[in-house]
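> This is the structure I have questions about; it appears just below.
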Amino acid sequence: MIAKVGVFIAGMAVLASVPLSAAIGQDAAIRSVHTSLRAQDCARKVDKNDPNETPYWLCPGVANYALIIRRAEAGRRSIDVVDPAQRVLPLRYEEFVTRHMSSLEEKAEWRVITRAGKQVPVALIVGVQAREDADNPEKVTRTFLAIAKIMPGQACVTERIAEGTRPQAEVYRAADSAPSKPCASPLPPLR
């Protein structure tokens, strides 16, 4: 387990705005902020608590949050959210998004509101590329949009949406209401 990490922030671009869902409990605007998950935009670190000294990538987020890209199991990638208090909150995509081999798309989309002049993340959307064809393990068979709620001291996957199955507005509604949703149940094991 990764105990504490340093957080760094990079420039961000606000790309879209839609009304905030009632789940947030305020009459505020919610918008998207994209941050990079590309290796060259993140810092390579080593988990000194792991006897194998497994490397991971620390990527900048928003509002003093960061994301850790880590190897979850052989052939799988996941994200841990690092909150401003330096708590590491695993999202465990290998349990909640796909049990198959997977990789991550190159950007994270944060859904944020502004409170007292500061950005506050409420949800995170990340594309998870599943490789479900055992005969061709390099082939991406489906991409899931992993939606996670982000709250003080808590982050978890609330929903996965197969990319292209819903309009973008519905994906945003699902993300914007994530704080009021329970954490998702684990997927059944592969047979």
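> Given the conditions (1) over 12 Å from the mean Cα position of the chain (by Cα); (2) more than 25 Å from residue 165 (Cβ to Cβ), report the number of the one that residue 66 does not fulfil.
If we test residue 66 against (1) over 12 Å from the mean Cα position of the chain (by Cα); (2) more than 25 Å from residue 165 (Cβ to Cβ), just (1) comes out false.
> Residue check, residue 106 against (1) without any contact (Cβ under 8 Å) to a residue 60 or more places away in the chain; (2) not in a loop (DSSP other than H, G, I, E, B), all met but one. Which one?
Of the numbered conditions (1) without any contact (Cβ under 8 Å) to a residue 60 or more places away in the chain; (2) not in a loop (DSSP other than H, G, I, E, B), the odd one out for residue 106 is (1).
> If I ask for residues that are surrounded by fewer than 15 Cβ atoms within 10 Å (Cβ to Cβ) and either touching a His at 6+ places or on another chain (Cβ under 8 Å) or polar (S, T, N, Q) (or both), which ones from the stretch 142-180 would you list?
Passing the criteria: 154, 165, 168, 180.
> While we're looking at this one, here's another question. I'd like the full set of residues that are in contact with a helix residue (DSSP H, G or I) (Cβ under 7 Å, 6 or more places away or on another chain) and outside any helix (DSSP H, G or I), limited to the stretch 161-191.
161, 177, 184, 186, 187
Residue-wise test of (1) in contact with a strand residue (DSSP E or B) (Cβ under 7 Å, 6 or more places away or on another chain); (2) at pLDDT 50 or above.
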residue: 27; (1), (2): no, no
residue: 35; (1), (2): yes, yes
residue: 51; (1), (2): no, yes
residue: 61; (1), (2): yes, yes
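> Please work out which residue is nearest to residue 173 (Cα to Cα), limiting yourself to the stretch 78-103 and to residues that are in contact with a Gly (Cβ under 8 Å, 6 or more places away or on another chain) and either among the hydrophobic types (A, V, I, L, M, F, W, C) or part of a loop (DSSP other than H, G, I, E, B) (or both). Walk me through how you get there before you give the answer.
Step one: of the stretch 78-103, the residues in contact with a Gly (Cβ under 8 Å, 6 or more places away or on another chain) are 81-83, 85, 87, 89, 101-102.
Filter again for either among the hydrophobic types (A, V, I, L, M, F, W, C) or part of a loop (DSSP other than H, G, I, E, B) (or both), leaving 81-83, 85, 87, 89, 101.
Numbers: 81: 21, 82: 24, 83: 23, 85: 28, 87: 27, 89: 23, 101: 28 Å.
Looking at the filtered set, the residue picked out is 81.
> Okay, moving on. Restricting the first residue to the stretch 155-179 and requiring it to be free of Cβ contacts under 8 Å to residues at least 24 places away in the same chain, which pairs with a second residue that is basic (Lys, Arg) and assigned to a strand (DSSP E or B) meet a Cβ separation below 9 Å and a spacing of at least six or different chains?
Filtered contacts from the stretch 155-179: 162/142.
The values are calculated or read from the model by the stated rules, or taken from the named source; none is laboratory data. Nothing here was measured: the structure is a model prediction, and the numbers come from that model. Virtual Cβ from ideal backbone geometry, glycine too; neighbours counted across all protein chains shown.
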